[in-house]
Amino acid sequence: MPLPPFRRSFTQQEPIPEEAIAAALAVMRSGRLHRYNTAPGEEAEAAALEREFAAWQGARHCLAVASGGQAMQIALRAAGVAPGDPVLTNAFTLAPVPGAIAALGARPVLVEITEDLVLDLDDLAAKAAASGARVLLLSHMRGHLCDMERLAALAARLGLVVIEDCAHTMGAAWNGRKSGSFGLAGCFSTQTYKHLNAGEGGLLTSDDPAFMARATMLSGSYMFYDRHGAGPDEAAYAGIRLETPNLSARMDNLRAAILRPQLRTLDAAIARWNARHDRLAAQLSGHPAIRLPRRPPAESYVGSSIQFLVPGIAADTARAFLAETARRGVELKWFGAEEPAGFTSAHRSWRFVAPQALPRTDRVLAGLFDMRLPLTFTLEDCDLIGAHILEAAAAVLEAA
Ligand SMILES: *Cc1c(COP(=O)(O)O)cnc(C)c1O
């Protein structure tokens, strides 16, 4: 019997919880949407979110900002990156990551990734030496963590400051330690497609008071930095409060109000994502032509998307496979395409970055397929998606 086509949307997130809608209405009724517009004695929603996210993340400080991209730009500036400086980052990530480096007038130096979609630490050492870079913007693209203990030791040896892009790893951990806590700072996104949904928004965490004071001023705190309960003490601002430019990248109370109830159910959401991811992964892993990236026991991931590789697949075969899965209603993304589609993540389409030879990454991306797993999918949906992928593989990959 032929499988029924899959008809659900790969970009449909769950609705905003009623409790969050009520909190948003309360903010709107108050009229106090700007984070520094507070009634006497009131803690702004943005400040409360910072306090709660810092506690959840296990960080000393947290700053809420306008986007994940702004969190990265502010972190790089607050870490002292200047125009012209080389900054290391993954060759496989989303465009706003090299974009954050380019926004400072700095120079992205792209580091190869491995077949497990994580940073190639040997190439990191080589590129750090060749470029003289002092900063690594490490992107945990699609939720895959490299060996974070090896990375931290290597960064210390190379004298690299590490800023983590945790847009896909909010809630992930390495040997029980949360991603975002291994370097100077962690950058998170609360954009609709990430793990918390405020439409847009970002969070920056760090244990370093001097760094966080600079970041808070950069975000546009004017002289209201004492309204950041999850920020450093006032003394940290003394030497920098008038010297640091204001980039106006604050989060507003409306977004923060929507996010706070979602944070309370985030751990439960992570378990639901992983149930979906693991169900599909188990099904796909049985196919001889399909390889799933290795996930070491030290890694606790958040399976909000799934990736698989068909090593050595020819471009024509990949296109036929995409067409066959699309015909069945399964929306796969292929990173080997010449022209970027949708959200771009192939380094060749970042023309604002100097072209760089990345043969290992190119080889990996040529066989890499990717799919979102929104929580609106049921486990049975995952079974049907898996069955369609296996049938498409039988029709296209085995025939090739
Ligand atoms: C979405 C994303 C970002 C940027 O987040 P925004 O909030 O959209 O600016 C950064 N890195 C990765 C890997 C992302 O997917």
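The values are calculated or read from the model by the stated rules, or taken from the named source; none is laboratory data. Everything quoted here is computed from the prediction, not taken from an experiment. FYI the Cβ positions are ideal-geometry reconstructions off the backbone, even for glycines, and counts take in every protein chain you see. Ligands, DNA and RNA are stripped out before the accessible areas are found, and what is left, the full protein with its side chains, is counted by its heavy atoms. Shrake-Rupley method; radii C 1.70, N 1.55, O 1.52, S 1.80 Å.
Details
- Between the amide H of ALA106 and those of GLY84, distances stay under 5 Å, these residues lying 5 or more places away or on another chain, with hydrogens modeled in the peptide plane.
- Dipole-positive endmost among VAL81, TYR301, GLN191 within the chain (Cβ charges, Cα centre): VAL81
- Lysines with Cα under 23 Å of LYS194, excluding same-chain neighbours fewer than 8 positions away: LYS178, LYS333
- For region 266-397, alpha-carbon Rg and Dmax in angstrom: 15.4, 45
- Remark: region 266-397 carries a charge dipole of roughly 320 debye about the Cα centre, counting +1 on each Lys and Arg Cβ and -1 on each Asp and Glu Cβ.
- Cross-link partners of LYS127 among lysines (Cα-Cα below 17 Å; sequence separation of 8 or more within a chain): none
- Ranked order, ILE16, ILE270 - accessible area, probe 1.4 Å, largest first: ILE16, ILE270
- The apolar share of the surface of region 1-129, taken as the fraction of accessible area on carbon and sulfur atoms (1.4 Å probe, ligands and nucleic acids excluded), comes to 56 percent.
- Most positive-pole-ward Cα, SER285, GLN57, ALA130, against dipole of the chain from beta carbon charges: ALA130
- Prolate is the label for region 161-277, because a/c, from the alpha-carbon gyration tensor with a ≥ b ≥ c as root eigenvalues, is 1.5 or above and a/b exceeds b/c.
- Each helix, a run of at least 4 DSSP H residues, gives -39500 (n - 2.57); summed and divided by the residues of the chain, these come to -11500 deg cm²/dmol at 222 nm.
- Rounded to whole Hz, the Karplus (6.51, -1.76, 1.60) HN-Hα couplings of region 26-41, x for glycine and proline: 4, 4, 5, 5, 6, x, 9, 8, 6, 5, 9, 9, 10, 6, x, x
- For the chain: relative contact order, % (alpha-carbon pairs under 8 angstrom, 6 or more apart): 22 percent
- Fraction of beta bridges assigned by DSSP in the chain that are antiparallel (%, nearest 5): 60 percent
- Mean sequence separation of contacting Cα pairs (under 8 Å, at least six apart), scaled by the length of region 167-262, corresponds to a relative contact order of 24 percent.
- The chain: C-alpha gyration tensor shape, a/c 1.5 cut-off, then a/b vs b/c: oblate
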